[in-house]
Each structure stands twice: as structure tokens, then as C-alpha cells.
Amino acid sequence: MSLLLVVVLLLFSSSCSVSSGQYYVSDDCSSVPPSPCNPLSVYAGNISQYNNTTFYFIGITTINDNVTMTAVKNVTLHGLDQSPSINCNGVTRISLHHSNHITISNLLFSDCPVRVDSSSNVTITNSVFASGPHEISSTISNAFDVKILSVTFTGLYVLQIYYVSLPVCSSELLHYSLVLTNVTFNTGSRMKLDMAHGTTYNVSIIFDHVQYCTNYPFILVGGLFYSFIINSSFHGVNDGPGFFIDVVENSESSNCTYPSIQIASTFVIEDSRFYNNKQGLKIISKVYLLKAVNYHIIIKSCLIYDNINEGLFIDGSFMRLTQIDILDTELIGNGGNKIVNSNRISLSNFAVANSTSTGLTLERSFVTIKNNLIFKNNTGVVGGGLAINGSSRLIVSSSANLEFIDNHAYYKGGGIYAEESTLSDIMLMTPNIPLTLINNSAGMVGGDMYGVYIFLYGNQFKFTHKNINSTSDAEHICFCDPHTTSNYENCLHNVSDQYIYPGQALKFNVALFGLNYFKSKTLTDGTVQILNDTSSLLSQTQIPNTCSLIECTPKLIQTGQYQSYLSIDYIHSLPTKIFPSFIVKECPIGFSIDKSQGSCTCSQSVSRENVKCDINNLNITHNGLLWIGTYDTSTPFNANATNPNACIITEDCLLYCSPNFVTFQLNDTDTQCVDNRGHRMCGSCTEGYSLLMGSNKCGQCHNYHRMIGWIALFAVMGVLLVVLLIALNLTVSVGTLNGLLFYANIVKLYEPVFSRKGELPVLHQVLSWINLDFGFEICFYNGMDSYVKQWLQFAFPIYLWIIIIIIIQLCRRYGKISRLMGSHAVPVLSTLTFLSYTKLVRTIVIVLRKREVTLHCTNESVRSVSLWYEDPNVEYAKGKHAGLFGFALLVSVFFVIPYTLFLLCHPVLEKYLSHFKLFKSWSRFKPIIDAYSGPMKDEYRFWPGLLLVARIPVLLTVTFLKNESYVLLLAVAAIILSLSFIFAGVYRKKLNNVIEFWFLLNLCIMAFLSIAFTDESKVFIWYNTCLSVFIVSFILIVVYHLYLQLSHMKCYDALIKKLFKKQEEDNNPIIGESHLTVDQQMSEIVSSSTDVRLSVIRESVVELF
């Protein structure tokens, strides 16, 4: 590199005569031929004496001390090397004061501030000013005739140019210049131009091919100047405008006058681009301008596009006398464009396209159109193309031509919007000015124009297309029909009086009409006010451009006729009104007046926590598991009726009412019910539905002939059940069924409590069959209700008894049948009786359960009635319920109570009272007693009776106290399990003790889990899991009984011998080889370990029947 430098210098020396006014500057002069070469520090000490001198900079020059040149002339700083640079390290600087004809060229200033003050004829060319991570500024202050040519500013470099007033006025106007040509401000660099010189001199400023990005140039203009910006671009400013002009004021002392010279300042921007900024071009003034200077701003042939907010923003609040002319300029793809508070703006050949927030908005401005004004494909909310707001006026001259094409407003005024409330308008200077409106649209009204029709002062547009969609603010209001009213001629001029309750809303269908451009009435939107007869405002509602429903709720508690009126306030004339009347009635059933609210609310009979009443739609809402309705649900009535004889029921409803949020009316209370139930307290099925067997749901019966099939199926199932019990000896006499039946009975009682989701269908059916229920949801016959269902609950157990009694009688008479049945007839009868006990007791409790219901009548009387709990539509112990009630009592007296006492107390009676004459026939019951107590140890023969009695408190608790039933069930199961454990087994066989312990333990687990978990999904899982375990256990017991039956058959023995090829003896046969008749079975007394020794021959149990 040093060799190359030597060669260059030699060539330069041979071609140029280096005089004493030429010096070389370098930090390394060893590579420079013999000549005046020194570091800059050598010249810096006395540099002001170097007039008519050229300093050639070679390589890198580092300035460690400030370099100041004062009052020098014809000084040139020129770089010779390919990359000569001056490095100030951001600490030192170069200053030039009171000098002229200074040239700086071909140099790189790195972190080097340069200050030029009170100098003239300063030229900076082909140079670069760069900064590091910190901001560096170069300042030019009152430097006249300055040229900056082909210069680049980069990094965080700031160029500041100041013009301040001279201390005294000159006798003639002085002219100076500032020229920036081919100047580039790269990312981070910026410029500030501040002209505050007043009229002490005139500055001509030319920006030609200035490229500016990232930081916006801040132009403060004031005083006397002519500024011309041409072929420049300003872009990439994300936090402000691409170009910012702030017109400022100067002090009064800076005003100089020049006779016969007009004081005017002009700012011209031509052929320039402003794009990808936050704002494109922004022109404002923050103070009032001097009256001594006339300002004129011209924007010509510019392109302003793709700016985030406004492409063009002009705020002339303090520039009322400033003329702004915009010619041949396009504004494309900006967020919007806005002119505010400006009185003297003209547009000529002005085009706005693809704006996203109104093409051009005028606010408190007067704008003149001198030539073409074109708006294409702009969008906005109010005004898609042009919005004229805040008392603005668009003045259209005779040579103007307006085009609005493909503009859209999301609300109103797709092409043009004029704000009528502030008297904004369009003024035509001559008639028949062409206006093109094509394919403009609006979301609500005024596709082409809104508010343009009345302030045209006699001159009209000449439309190039005839189909114009326009309207205005509302001038007229009328009642309407939503189905027919589309124009003013279809309005309804007479409407009937409305009847409302206190707190209920008045409802009116009204339409608003404005004027289109040709002054015809067209639908429009607007605000409707509703006032009472004293002109007090009740409400106001904004409605669209259709026949719309408006509502108002007057606070009136006195009944009678009232009048209101609906009004729109129209700025150009007296407000138009319409006068509807309405009548206030008394509150309907279930509602009462609340004077504090001035409204009908829930009456005392309906009012409860979480119950709400809406008088507007007569709806009542609550959170579920509650029933509200009239006592007489069979008589239809309207929800708005006021019947003094009506009585209302408000009661908890846990069984058949919806547990979810419910909304209903008093004339349709079935909404509160589930499973197709309805009527009073959801007690019966709705019309067309019947109560299903196998559940408490209601369903439809589709075929009458199915009833015959179901009856036959019931009959066959009864016979099959008896045959199954006999064939497998599934009786209580074996001792394997006591725990199983106790478990099945208790779980069936708790079925609706354990899980509202229920169990799986297979588990449900098996559980129901064990409890002598059908298990399938079927419609027995059309019209079946709870009353008939309870009769059927009594009928099926009795039917089973009849079957086994017939079998016993046949066995007594016919030995073949007796041999076929074996010795199982009496145990089967005992088992069926045991199975029927819980079912009958549950049915009796259902039949005898009463509910006291309080009636709140509209005549303020309060009384109570007794209803059947299962079906509150039936009065308790009256009418058809009386027969069912009586039969339930008979079953209780003649079966339930004697059977319970018999099974519980027979050990005491057998031990202590059997020798009394009163109990002489006790021996007849001995076979039945032995069927229940035979598997027990002698001291625990009371155990079947204890299990039977334990069912009663559980049944009563789950029926009457559902919330506490879990705890009681756990207590009962735990007590029985504990007693079984304390007694060390109550059965003779250990297997029976294990089986019963297993079922009691499973029941305790179910009761505990029901307390521990409340989440429905978890409850469903554990409930079905426990039932599945129970079903598997039941199947194993059936298999065990099948094994017992097969193990004593000869064919079975032969099969075993053949398989295992050895002899086996049956050591413990259960059934002997001979088959006895029933009488013989009853006469063979099974010895027991009780203390009573009976010598009397026992009679056959068949004689009991």
C-alpha cells in the first residue's frame, strides 16, 4: 500500500506544480515523497494563517485536539488517497468561523463533528460523514451560499442547519442559498433545518435528489425563503413522518421592510416520493405566523404511498393565511389522508386510491377543487372516498371533474360523506359540474353519497351515471310494518293502543326517512327518542335503515291510559314526532307490583332464592329441582291472565324435576319436568305419553297388541322364576342367598340416590330381576300412570305366591310331581316371600307417602292440601287413591307386620312359648322356620329376621331423608358386618359366612364411596364397578348351586368315574335317593338345637293354605 502511495504522489508531482500553498497531511509521512508533509497537529496550531491553501489528506488522520479555522479564505481540504479519512473519536472537532470560499472534498469524517459558523461560499462534496454507536452532529449556522454535493451521512450522524436573523436590517434584500444535491441520509442519520431569520435576508434552498430514510427530517421554516425540493425520496421512518414541515414564527425585531418588494416565502415539493413511513408528508404550525410574510406551499407531481397512518397530513390551525396548492399528486395505499383547520387549500389533478381509513378527510377546512379529483378503491367507516366533517366545505370550481369509483364505507357514505350536523357541505361554483359515481357501497346507508343534497345553492352536479344511491340524516319518522314497509308511502299512520304491565317494555316498529340527492324520501338510520307526556326523555335508540323494533320501559305503577311520543331531532327544521298511546294493566298471575322498581316482580307465592321473574316476556327462571305452577294445571290459561281464583304452588321437586337451569311460563309448567313428565309437580306423564314399566320415565305406546304380549311375558317369567329356583335350589334354606338378597335390596332402594346417571343396562336388568322388577323400560299400555303401576307392584309377588302354592298343592296330591319337585317346594315359597318383602314394603311406603303442599291464592288466602307424593295430581286418600291406600294398609296389617314379627321373634316363641295352648299349632310353621334358620347356628336363628328388619330403616331413610341416607346406610352395613364378625360367623358352613361377609363388605364400600365422591363421572365409575363385582359374585353362587345339584345325580357320578377312572363316594349327600311328598317332607321334623323338644307330630304347611 505504501509503495502504491509513493507512485501516486510521484505521478501527481510530475503533472502539477506544488506551490508553497499546498501541503500534505498524514499521520504517516514516511511514505510521502519529500514535500511539505506533516500530521495535522503541526498545522493546527497556526492553521488560521493558511489562506489560499490546499491541504491534501493522505491515509488516516487522527485529530487529538480541536482544529479551529477562523477568518480564512480559499482553503481546501481534499483527500488524495482512495480512502482518506479524518478521525476525531467523537471527542475533538473541526470548526470554521467567519471564513469564505471553503471547500471540503473526497474525505471521510469518522466520529468527527464539524461546525461552520458565519461563513460563506462553503462547499462540501464527495464526502462521507459517519458515526459509531453514539450520535455525532455537524452544525452549519448562518453559513451562506452553502453547497453540499454528493455527500452521504451514515450511522447516527446528524446534520443541523440554522439560519438566524442578522443584528441589523440591510438597505436592500440580501439573497443567500443552500443547495443539497445527491445527498443521502442512511439508516440512523438525520437532518434538521431551522430557519428563524425573519425577513432580514432571503434564503434559497434546493434539495435535489436527496435520499432520506429511518429518521424524519425536521424542517422548521419561518421568515423569508424559497425552498425547492425535487426528485427526492423520504421513506422507512417508523416513528414519525417521512418529511416534516413545521412553519414557525420569528420575533418582531427580525422584521425588515423593503420598499417595492413583496415579502413572500414559497416552499415547493416536486417530483418526490414519500413512502413506507408512519406518516408520509406532514405540514403543521404550532404558532401564528407573521403577517409580514405570505407563505405559499406547493406540492406538485409527488407520489405519497404505503404509509401506515396518513399519507398527507395538513394542520393549518395557525396557517389560516397560508396558501397550499397540491397539483398532479397521487396518494395511494395510505392509512388515510387528512386536512384539518385549513382555509386556503386547492387540489388539482389529485388522485386518492386504496386508502384503508377514508381516502381524504376534511375537518374544519375549506378546500377548492380546480381540476380532476379522483377517488378509487378507498375504504373507511364513515365516508369511504371523501369525508367532509366539522363545518368543512368542498368548493368545486367550474373546471373541476369529480370521480368516485369502487369506494366502500363500513357504515355510511361509500363515495362521499358530508356531516350534516355541522353544516358540512359541497359548494358548486357553476352548474352541471360532472360527477362520476360508479360501484360505491356502504354497509348501512348512502352507498354513493350521504348528506349531500341541500347545501348546493341551486347548482347541481351532472351525473355521468343515473343510478345514484344516496340519503341523509333522518327528517321523518313513522310507524311501520317490518314485512311491508320499504318506502314512505307504506308507513302506518294509525296504530292500536298497547297493553303493558308495570315494568314491561313498550315496543314500537318505526322507520326513519331522510332525503336523497334529488330530495325524495329514502330509508336511513338515526336515533329515536321516546318521551313521556311531560316531555321527559325515557330512552333513545339507534336504529338502522329498516323498519326496526325499539323498546322503552316506563316506570308506572298506576293502571290506566297514558300517552308518549317518539321524536327525532333534525337540525334543519322542527323535530318530527309521532304520538302512540298505551294502557297499564294489573300484574299477571305470579307477579306483584314493586313500587320501588316501578315494575312487576315475583309475587310472594313465587318468590324464593334463585327465582327470577321477567315481566317483559312473563318468564320465570330458577336453578332446578323446584316446581312452580298453578294448583289446577288441567285448565288452560294465558300467561298474561289475572285470575283471582288461581292458586300457586312453589315446592321442592327432587324426583322428576329438571336439576338444571329452567325458564318457563306459568301456563307451561311442563318445561320444569324431565322424562316427558308434566302436570302438577311433574307427577304424571304429558299428553300422549304413558308411564313405563321398569322406570319412572314416560314414553309413547305405539302398538296396542304389545300389551297382550307383555302380559303373557310376565306370566311366563313368573313360572320360569319358580322353576329356576326349584331346579337350582336357589333358596334361603341353603344359606348362600341372605347376604346377596340384602345387598340387592339395599342397592335397588338406593339406585336413584347413588348415581343420577344410573347404571349400565345389563347391570340394571340383573339387579331389577333379583328385586322382582321387570328391568326393561316398556310401555305396558297406553295411558298407564303411577296409580296402576303400584297395583301391578302388588300383583306380581302375589302372582308368584299363587304359582308356588299351586305347585305345593299339586305335590301334595301327586307323587310324580312331588318326585319331580324334590324337597324344594317349601323353601322356594319361603324364598319368594323373602324376595317379595322388600318390594311390597317399598310399594306400601310409596302408596302411603303423603305430601302437604301450601297453596298461595291470588285472593291472598293461604291453605294447604294433602297430595299423594308419587303423583301430586292425585289427592291423598281420596278418589281412586282411597282404594289403593286401603289395600296397602291391608297388606301391611296381614302380611308385613306378622311376617316381620314371625321372622324376628320365632326363636323366642319357639323356646319359651311353644308349650302354651295358644301356640299349640306352632309346629305347623316349623318347616318354614327351618327353611330360614336351618343354615344358621342354633344361637343365631334370629339372623334372617335381623336382616329383614334392617331393611326398614334404610328404606324409610332413603325415602324421606335422601341427604342423610348415605351415612345411615354406612352405619347399618357396618353394624351388621361388625355383628357378623363378633359372632364369629352365624352360619353352620364357613362358606356361607364368607359369602355374606363379602356382600356386606361390598355394601360398606359402596356407602363409603358415595360419601367420599360427589363428581358425577367418578360416581358413575365406582357405582358400576361395585355392581359388576356383585353380578360376578351372583353368577358364581348360581354356578355353585348348579354344581350342588349335578353332583348328586347318577349320571354325573358316572361321568366323573369315567373321566378320573376311580371310585368316589358321596360322603355328604344333601338330597336322599327317595323323594317324599310335601306332607311327608313336612312331617319329618328336622331336629334343631333349640331347648324345646316337641313330641307332637308336625302338620303339613300346605294345610295353612
Quiz item: Which order, highest average first, do 484-495, 69-80 follow once you tally other Cβ atoms within 10 Å for each residue and take the mean per peptide?
Solution: 69-80, 484-495
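For D481 and S581, what does the FRET efficiency come to when R0 = 22 Å and r is the distance between their Cβ atoms, rounded to the nearest 0.05?
Values: r = 19 Å, r/R0 = 0.86.
Here the calculated transfer efficiency is 0.70.
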Practice problem: Would you please give the residues with an amide H less than 5 Å from that of S95, counting only those at least 5 places away or on a separate chain, with H modeled from the backbone geometry? | Solution: V67, T68, M69, R115
Quiz item: Could you state the number of Å between the C-alpha centres of segment 269-325 and segment 527-549?
Solution: 44 Å
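Between T257 and V1029, what length in nm is gained on full extension when 0.36 nm per residue of separation is reduced by their alpha carbon distance?
Values: separation 772, 0.36 × 772 = 277.92 nm, distance 11.32 nm.
Contour length minus Cα-Cα distance gives 266.6 nm.
So what is the relative contact order for segment 474-584, in percent, with contacts set as C-alpha pairs under 8 Å and at least six apart?
On the way: 256 pairs, mean separation 34.3, N = 111.
This gives 31 percent for segment 474-584.
Using the structure shown, select from K850/K937; K300/K519; K282/K466; K839/K1018; K612/K839; K466/K507 the pairs with a Cα to Cα distance greater than 31 angstrom.
On the way: K850/K937 42 Å; K300/K519 39 Å; K282/K466 38 Å; K839/K1018 29 Å; K612/K839 41 Å; K466/K507 39 Å.
Distance filter (> 31 Å) returns K850/K937; K300/K519; K282/K466; K612/K839; K466/K507.
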Quiz item: What ranking, highest mean first, results for peptides 861-867, 273-279, 258-264, 135-141 when packing means the other Cβ atoms within 10 Å averaged over each residue?
Solution: 273-279, 135-141, 861-867, 258-264
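From largest accessible area down, sort R93, R849; use a 1.4 Å probe on the protein chains. If you can, show how the numbers build up before the last one.
On the way: R93 110, R849 35 Å².
Per-residue accessible area, sorted high to low, gives R93, R849.
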Quiz item: What's the percent breakdown of Cα-Cα distances in segment 20-164 across 5 Å bins, shortest bin first?
Solution: 2, 10, 20, 25, 23, 13, 5, 1, 0, 0
Practice problem: Quickly rank 399-407, 600-608 as a protection proxy: mean count of other C-beta atoms within 10 Å, highest first. | Solution: 399-407, 600-608
Quiz prompt | Quarter of Cα convex hull surface for segment 474-584, i.e. mean projection, nm² | solution = 7.0 nm²
Quiz item: Rank K376, K839 by accessible area, highest first, at a 1.4 Å probe radius?
Solution: K376, K839
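By the gyration tensor of its Cα atoms, with a ≥ b ≥ c the square roots of the eigenvalues, what is the shape of segment 378-459: rounded for a/c under 1.5, prolate for a/b over b/c, or oblate? Each step should come with its number before you reach the end.
Values: a/c = 2.20, a/b = 1.34, b/c = 1.64.
Verdict is oblate for segment 378-459.
The values are calculated or read from the model by the stated rules, or taken from the named source; none is laboratory data. Predicted model only: the values in this text are computed from it and were never measured. Ideal geometry is used to build each Cβ from the backbone, glycine not excepted, and the neighbour counts take in all protein chains shown. Please note that ligands, DNA and RNA were not included when accessible areas were found on the heavy atoms of the full protein model with its side chains. Shrake-Rupley method; radii C 1.70, N 1.55, O 1.52, S 1.80 Å.
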